[in-house]
Amino acid sequence: MAENDFNQFDHAKKRAEDESSQCLRLIQDIEKKIRKRTDDIQRCIAENDAINLFGRDHASLVKDIRARGLQNKIKGPIGAYLNVKNQSWAPAISCALGGEANLTSYLVDSDKTAQALRKMMG
């Protein structure tokens with residue numbers, strides 16, 4: 001009888017260990033997915049913040065550019081691609097680059113793309 005109890009206990013213990021291992025793997029997978037989603041969210045926030053600095057019109061224009069699949073042909077606003085580590089230099093850099101007009105400009109790969117961009121800008 002004691003041996004039977006021991007076998008049942010041993011079997012239950014192994015089942016519990018297997019379930020515990022499965023739960024641990026599941027938790028690790030979920031944590032990995034959470035980290036990836038958090039990174040994706042942070043990247044999106046950073047991208048949108050960089051674009052929103054130049055106004056809502058630019059944010060909606062960039063969204064339209066992406067929706068049309070033109071993100072490889074149109075880059076901008078140019079200022080969204082700049083990253084100033086020391087913000088005290090921002091005015092000097094802006095001035096050296098020609099001011100806000102140049103920082104809110106877009107680069108295109110051809111005249112055809114420029115025409116498409118002008119239409120999107122209204």
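The values are calculated or read from the model by the stated rules, or taken from the named source; none is laboratory data. On a predicted model such as this, the values are computed, not experimentally measured, just so you know. Cβ atoms come from the backbone with ideal geometry, glycine included; neighbour counts cover every protein chain shown.
Matching residues to (1) farther than 25 Å from MET121 by Cα; (2) not assigned by TED's automatic domain parsing to the domain that holds GLN115:
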| site | (1), (2) |
| --- | --- |
| PHE9 | yes, yes |
| GLU19 | yes, yes |
| ASP29 | yes, yes |
| LYS32 | yes, yes |
| LYS63 | no, no |
| LEU70 | no, no |
| GLN87 | yes, no |
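Among the residues of the stretch 94-122, those that are exposed (fewer than 14 other Cβ atoms within 10 Å of the Cβ) and either of a type in the set (Val, Ile, Thr) or part of a helix (DSSP H, G or I) (or both) comprise CYS95, ALA96, GLU100, ALA101, ASN102, ASP111, LYS112, GLN115, ARG118, LYS119, MET121. Which ones in the stretch 88-107 are within 23 Å of the chain's Cα centre (by Cα) and over 17 Å from ASN52 (Cα atoms)? Listed by number, the list holds a single entry, LEU107. For the stretch 45-68, taking the residues that are of a type in the set (Gly, Ala, Ser) and farther than 24 Å from LYS85 by Cα, the one that is modelled with the lowest pLDDT is identified as SER60. Between ARG37, ARG25, ARG118, the distinction of being within 24 Å of the chain's Cα centre (by Cα) and among the basic types (Lys, Arg) belongs to ARG37 only. A residue that is within 30 Å of LYS119 (Cα to Cα) and modelled with pLDDT under 90 occurs somewhere in the stretch 36-44.
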